[in-house]
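Encoded as structure tokens, the structure appears first; notes follow it.
The values are calculated or read from the model by the stated rules, or taken from the named source; none is laboratory data. As the structure is a computational prediction, the values presented were derived from the model and not from experiment. Virtual Cβ from ideal backbone geometry, glycine too; neighbours counted across all protein chains shown. These accessible areas exclude ligands, DNA and RNA; they are computed on the full protein's heavy atoms, side chains included. Shrake-Rupley method; radii C 1.70, N 1.55, O 1.52, S 1.80 Å.
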Amino acid sequence: MKKETVERLLLVLSLISIGVALRWMLCSYPNVAPTAALAMFAGYKLSSVRWALMVPIWITTLSDVLIGGYAWPVMLTVYVALALPVFLGVAVRRFQPKMDSWLGKLTSGLLLGGASVCGSVLFFVISNFAVWASTAAGFGLPMYDASWSGLVECYAAALPFFRYTLTGDACFNGAIFGAYALGCLLVASPQKEKAAAARMSNV
């Protein structure tokens with residue numbers, strides 16, 4: 001097995017393990033989970049989208065085994081909604097400016113923040129539409145009517161939980177990407193010092 005493949009596999013397994021553990025520990029907090037943030041980081045860090053998609057899919061699958069499931073149409077839609085941040089991570093990587101100046105760092109931070117909010121909004125819209133469609137079709141409890149008013153009622157009822165999604169995604173994205181940036185900085189500093197010493201020795 002190639003070294004690159006081994007490193008990619010280890011990263012995917014690490015992200016899945018962290019995601020499952022955190023989602024299980026935070027299961028009592030509604031809509032606060034690291035899955036979307038880890039999916040976005042996987043899309044940002046991994047060059048292969050197929051490998052990156054394994055992260056949210058396996059986090060959700062394995063943690064649902066521990067936590068418990070619900071109506072299968074809603075579960076499938078949630079899986080899709082949590083996989084979409086992978087593509088947001090790809091977009092952040094492709095459009096991220098150079099970090100050489102304060103403007104580049106600011107733009108990069110705004111891009112990451114916008115992607116985090118976009119992921120939260122997508123999850124809110126898609127998952128709650130699935131809840132409404134599922135109950136209207138007869139799956140689970142008949143909570144909402146199969147009408148526009150029922151759909152509006154569904155979204156209105158979910159609004160209090162949306163703040164938890166926004167907060168959780170923002171905190172986890174900040175922690176994950178912040179830790180990654182710090183790690184890159186710590187690794188790069190000794191290399192810069194060695195390069196500077198090499199230049200001085202050649203003078």
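Structure data summary
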| read-out | value |
| --- | --- |
| Accessible surface of the stretch 50-141 [probe 1.4 Å, protein heavy atoms]: carbon and sulfur percent | 75 percent |
| Sequence-distant residues sharing a close amide H with residue 145 (under 5 Å, placed H) | 150 |
| Estimated 222 nm signal from helices in the chain, with DSSP H stretches of n ≥ 4 weighted -39500 (n - 2.57), rounded to 500 | -28500 deg cm²/dmol |
| Where labels lie 7 Å past Cα in the beta-carbon direction, separation of residue 167 and residue 147 in nm | 3.5 nm |
| Theoretical FRET efficiency, 1/(1+(r/R0)^6), r = Cβ-Cβ of residue 110 and residue 184, R0 22 Å, to 0.05 | 0.70 |
| Rounded Å value of the spacing that divides the Cα centres of the stretch 1-71 and the stretch 117-145 | 23 Å |
| Gain in span if fully extended, residue 5 to residue 75, counting 0.36 nm per residue against the direct Cα distance | 22.1 nm |
| Accessible area expressed per residue, the chain, with surrounding protein chains retained (probe 1.4 Å, Å²) | 60 Å² |
| Links that overshoot a 24 Å alpha carbon limit, given the list 2/105; 3/98; 2/45 | 2/105; 3/98 |
| Mean separation of Cα contacts under 8 Å (6+ apart) over length of the chain, as relative contact order % | 22 percent |
| Under the Karplus curve 6.51 cos²θ - 1.76 cosθ + 1.60, θ = phi - 60°, whole-Hz ³J(HN,Hα) for the stretch 16-26, x wherever Gly or Pro sits | 5, 4, 4, x, 5, 4, 5, 5, 5, 5, 9 |
| Label-point separation in nm, residue 47 to residue 118, each point 7 Å along Cα→Cβ | 2.3 nm |
